[in-house]
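What follows is a single structure, written as structure tokens, with notes after it.
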Ligand SMILES: Nc1ncnc2c1ncn2[C@@H]1O[C@H](COP(=O)(O)OP(=O)(O)O)[C@@H](O)[C@H]1O
Ligand SMILES: [Mg+2]
């Protein structure tokens with residue numbers, strides 16, 4: 001396993017997708033910071049109004065910033081992970097790896113560990129930076145416990161995407177896996193939005209569709225949980241929760257356990273299918 | 001036995017890639033598996049290495065069932081279509097291999113140097129594999145296969161990517177390994193490669209093992225008697241035909257008869273002479289391995 005981990009780190013560090021992802025992340029953070037700077041500069045001056053504006057708009061922008069971040073980190077996880085297994089099979093390098101005296105399960109677990117760690121690190125740094133910028137410019141009053149919990153949940157987003165990506169990578173070509181995953185991811189995001197809209201206009205049908213899409217791929221639920229954990233301790237009106245990226249219908253904490261079980265079940269399936277795969 | 005397969009079978013849909021294969025390879029043998037393209041050679045090796053799952057049958061490697069990764073501890077493998085992580089340098093690849101086989105850290109450098117020396121890549125090891133020529137990649141593959149000094153090495157078409165000079169070099173490495181007592185299992189569709197180095201041969205055709213044994217068995221069991229004679233009685237001709245001895249017949253005067261033992265020659269001649277046959281010429285020759293091979297693989 002140690003050797004697989006080492007080899008996978010070496011592999012990931014070399015990937016162009018990772019370099020592009022990091023550059024895009026930096027560009028995004030710069031834009032976000034500069035945007036916040038000018039917004040705060042042009043804020044209405046004076047008294048209670050200003051404090052309210054700062055909290056309301058600040059939170060709205062934080063939610064928006066996190067939404068874009070989740071999309072960035074999610075896309076990076078998919079793009080990095082689609083070929084994790086299938087590319088080795090397609091290029092034939094898997095013969096080198098799997099003919100070594102190692103268990104196939106340790107190939108999967110070692111690789112998954114590295115991919116999960118790297119993308120979670122990206123998610124954590126990104127979410128942390130977005131929060132730090134918002135808190136700094138808008139002088140948001142937050143609870144550090146809520147923020148920490150929020151970032152930790154946010155870090156699960158790429159890991160939760162990587163689980164089906166790995167399963168797909170043992171079953172399909174890199175191409176087919178990539179296409180399937182983006183379709184699935186889009187459905188999860190759209191499902192999540194429908195759930196929020198459904199909650200606002202009280203349409204249970206929409207809410208249920210959102211819940212079903214959350215069960216298939218619980219990334220959007222993780223995003224909503226992140227937002228709710230951060231806002232738990234904030235004194236903000238209902239106003240700011242009504243934006244398109246806000247959270248009206250908060251997923252229950254049970255979703256967190258569901259996500260962990262979801263990841264484990266998909267990993268077990270991945271190991272099972274990879275164990276029985278002909279590597280020829 | 002280092003390798004033992006028992007009724008090993010692999011089915012891809014309706015295609016039987018390997019059909020009921022039973023073979024065993026003992027320590028010290030250089031075992032050549034010969035057969036045309038698509039005969040099932042690579043599939044067999046991949047099953048023995050746990051890469052492809054058998055449809056039925058069993059295989060043991062180093063006495064351990066192949067589903068157990070520990071069976072591969074003392075084994076090296078040079079795959080046929082050989083691709084590496086081309087973002088690594090040759091050196092890094094060997095370092096990774098050394099770790100996978102648990103070579104202790106203080107001995108890794110020496111092992112890598114020795115393997116590089118053997119395959120003639122010394123001095124090029126720091127370059128990225130993507131800049132290696134095909135021949136260099138093949139040698140690197142060979143280096144990775146011999147690095148940990150395994151008891152048994154599988155070489156799947158070790159020379160097919162190489163030019164004549166490269167082929168010669170690989171043959172020399174094979175000779176070196178053979179001399180050091182390493183057991184080798186070599187897949188090839190080129191007889192000439194095998195003839196020189198192998199101690200044992202097996203022929204595979206459409207997934208079935210059609211012959212297998214010591215290399216000397218193949219040559220000895222295949223003498224031919226070439227006869228130029230007139231007036232061979234029809235009874236004797238049909239007898240030869242029935243027994244599958246008649247291998248060739250030109251213009252009713254030149255016969256080729258397959259025999260397994262030189263002692264048959266005087267028996268045949270005196271019988272013909274007694275029957276009043278006029279014999280103009282009789283020559284004995286052993287068939288070359290190539291002829292045996294062509295015979296075995298033809299439909
Ligand atoms: N992954 C696979 N899927 C389907 N058929 C395969 C696969 N691998 C090999 N085969 C088939 O099995 C047969 C044997 O192939 P192979 O073992 O590569 O032969 P050889 O190495 O002797 O050239 C061929 O007919 C080939 O088409
Ligand atoms: Mg082959």
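The values are calculated or read from the model by the stated rules, or taken from the named source; none is laboratory data. The shown structure was predicted, so the numbers you read here are calculated from the model rather than taken from an experiment. No Cβ is skipped: glycine too gets one built from the backbone with ideal geometry, and neighbour counts run over all protein chains shown.
Of all residues in region B:152-183, those that are more than 16 Å from residue B:115 (Cβ to Cβ), in contact with a strand residue (DSSP E or B) (Cβ under 8 Å, 6 or more places away or on another chain) and more than 14 Å from ligand 1 (Cβ to nearest atom) total 4.
Residue B:43 meets all of the listed conditions (1) more than 11 Å from chain A (Cβ to nearest Cβ); (2) over 27 Å from residue B:179 (Cβ atoms); (3) within 13 Å of ligand 2 (Cβ to nearest atom); (4) not in a loop (DSSP other than H, G, I, E, B) but one, namely (1). Contact map, region B:31-51: residues that are closer than 28 Å to residue B:73 by Cβ paired with residues that are in a helix (DSSP H, G or I) and within 9 Å of ligand 2 (Cβ to nearest atom), Cβ distance under 6 Å, separation 6+ or inter-chain. Pairs shown: B:33/B:41. Considering each residue of region B:165-185 in turn, none proves to be on the phi > 0 side of the Ramachandran plot and over 19 Å from the mean Cα position of the chain (by Cα).
The set of residues in region B:77-101 being facing chain A (nearest Cβ under 9 Å) and modelled with pLDDT of 90 or more consists of B:77, B:79, B:88, B:92, B:93, B:96, B:97, B:99, B:100, B:101. Looking at the structure I just gave you, is residue B:116 farther than 30 Å from residue B:63 by Cβ, in a loop (DSSP other than H, G, I, E, B) and at pLDDT 85 or above? When the stated conditions are applied, residue B:116 does not pass them.
Among the residues making up region B:5-40, those that are within 16 Å of ligand 2 (Cβ to nearest atom), closer than 22 Å to residue B:192 by Cα and in a strand (DSSP E or B) are B:31, B:32, B:33, B:34. Scanning region B:18-41 for residues being under 14 Å from residue B:207 (Cα atoms) and surrounded by fewer than 23 Cβ atoms within 10 Å (Cβ to Cβ) gives a total of 7.
Residue B:13 falls short on exactly one of the conditions (1) free of Cβ contacts under 8 Å to residues at least 12 places away in the same chain; (2) more than 10 Å from chain A (Cβ to nearest Cβ); (3) in contact with a strand residue (DSSP E or B) (Cβ under 9 Å, 6 or more places away or on another chain), and that condition is (3).
To keep it simple, each residue is scored yes or no on (1) closer than 19 Å to residue A:136 by Cβ; (2) over 24 Å from the mean Cα position of the chain (by Cα).
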site	(1), (2)
A:4	no, yes
A:7	no, yes
A:14	no, no
A:64	yes, no
A:73	no, no
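Which residue is modelled with the lowest pLDDT, if the candidates are limited to region B:33-48 and must be over 18 Å from residue B:151 (Cβ atoms) and more than 8 Å from ligand 1 (Cβ to nearest atom)? Taking the candidates together, the pick is B:34. Among the residues of region B:46-62, just one is in a loop (DSSP other than H, G, I, E, B), within 25 Å of residue B:197 (Cβ to Cβ) and more than 9 Å from chain A (Cβ to nearest Cβ), namely B:62. For region B:174-192, a residue qualifies if it is within 16 Å of ligand 2 (Cβ to nearest atom), away from chain A (no Cβ under 14 Å) and over 18 Å from residue B:216 (Cβ atoms), and the qualifying residues are B:188, B:189, B:190.
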